[in-house]
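Values in this text are rule-based calculations from the coordinates and carry no lab data. Note that the coordinates shown come from a computational prediction; the quantities given were computed from them, not determined experimentally. Note that we place each Cβ from the backbone using ideal geometry, even for glycine, and neighbour counts take in every protein chain shown.
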Amino acid sequence: MAYRSDDLSHWHPAGRILDTASASTSCREDDIGPGLHSDVVVDGDRAFIIYFTLPEADATTPHAPYPARRSSVLAAELGTENGELVCDRGRDMTLRLSDAAI
């Protein structure tokens, strides 16, 4: 869930940006389901969200074998459209951080 504020004291929900992904919304093989454990990296005038997915997870199988527990780390560029935070998980991008962002 993303939040926004006009005064940094009162925050309001601004929508979800990593809630779902599928083959129709992302071209990356492991970018399936919700983005988990995310963090944002700001580099100059660009912002990126780094997140995990569980591409082969099966919540119905306790003590699942390795493939069902495998995680993938992905990144997507954040932006705004009409004043709203957006994250196009399917958009091709290159992540090259400057020394200042590391």
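Okay, here's what the table says:
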{"read-out": "Nonlocal amide H pairs with R4, under 5 Å, H built at 1.01 Å", "value": "H12, A14"}
{"read-out": "Local net charge near S72, Cβ-Cβ under 15 Å (Lys/Arg +1, Asp/Glu -1)", "value": "0"}
{"read-out": "Potential extension, I50-M93 segment - 0.36 nm per residue separation minus Cα distance", "value": "14.2 nm"}
{"read-out": "Ascending count of other beta-carbon atoms within 10 Å, so fewest first, for D6, D31", "value": "D6, D31"}
{"read-out": "Rg to Rh quotient for the chain, alpha carbon positions, Kirkwood Rh", "value": "1.02"}
{"read-out": "Under the Karplus curve 6.51 cos²θ - 1.76 cosθ + 1.60, θ = phi - 60°, whole-Hz ³J(HN,Hα) for segment 39-55, x wherever Gly or Pro sits", "value": "8, 10, 10, 9, 9, x, 9, 10, 10, 10, 10, 9, 8, 10, 10, 10, x"}
